1. Identify all residues within region 2-20 that are β-branched (Val, Ile, Thr) and at pLDDT 95 or above; write none if there are none.
2. Within region 34-55, how many residues turn out to be crowded, with 16+ Cβ neighbours inside 10 Å and either touching a Lys or Arg at 6+ places or on another chain (Cβ under 8 Å) or aromatic (Phe, Trp, Tyr) (or both)?
3. How many residues, within region 23-66, are modelled with pLDDT under 95 and among the small types (Gly, Ala, Ser)?
4. Go through region 19-33 and count every residue that is crowded, with 16+ Cβ neighbours inside 10 Å and farther than 22 Å from ASN48 by Cβ.
5. Just checking, how many residues over region 41-82 are in contact with a helix residue (DSSP H, G or I) (Cβ under 6 Å, 6 or more places away or on another chain) and basic (Lys, Arg)?
6. Would you pick out the residues in region 20-34 that are in contact with a Gly (Cβ under 6 Å, 6 or more places away or on another chain) and either more than 16 Å from GLY67 (Cα to Cα) or touching a residue at least 60 places away in the same chain (Cβ under 8 Å) (or both)?
7. Under 9 Å between Cβ atoms, which residue pairs at least 6 apart in sequence (or on different chains) link something in region 1-19 that is free of Cβ contacts under 8 Å to residues at least 24 places away in the same chain with a partner that is aliphatic (A, V, I, L, M)?
8. Pairs, please: C-beta under 8 Å, at least 6 apart or cross-chain, first residue closer than 25 Å to GLY26 by Cα and in region 67-82, second hydroxyl-bearing (Ser, Thr, Tyr) and in a loop (DSSP other than H, G, I, E, B)?
Amino acid sequence: MNQKAVTSLVLGIMSIFIPIAGLILGIFGLTYSNDVLKDKTNDSKDLNVALGGRVCSIVGISLQTTGVSLLVCGFWLFQQFL
């Protein structure tokens, strides 16, 4: 099994569950999965694992971006009422 494909899956899963640092992990997971998906010499198992890593990374990036945005908006609104 391709090590980059497994790395992209692990980073994608970690990006969902680790707050704030998950944004960086998701970006790295997306980069690794894109490298595997561009390489034409991989078999279907590697491509499926890389695709799972890509999906998890996109979900993790979306969740982390939403969380950070809500956190910033909350702090901004809290400062407005003081």
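1. VAL6, THR7, VAL10, ILE13, ILE16, ILE18
2. 4
3. Matching residues across region 23-66 total 1.
4. Total meeting the criteria: 2.
5. Total satisfying the criteria: 1.
6. GLY29, SER33
7. If the second residue must be aliphatic (A, V, I, L, M), the pairs left are ILE18/LEU25.
8. none
The values are calculated or read from the model by the stated rules, or taken from the named source; none is laboratory data. As the structure is a computational prediction, the values presented were derived from the model and not from experiment. Heads up, the Cβs are rebuilt from the backbone with ideal geometry, glycines too, and the neighbour counts pull from every protein chain shown.
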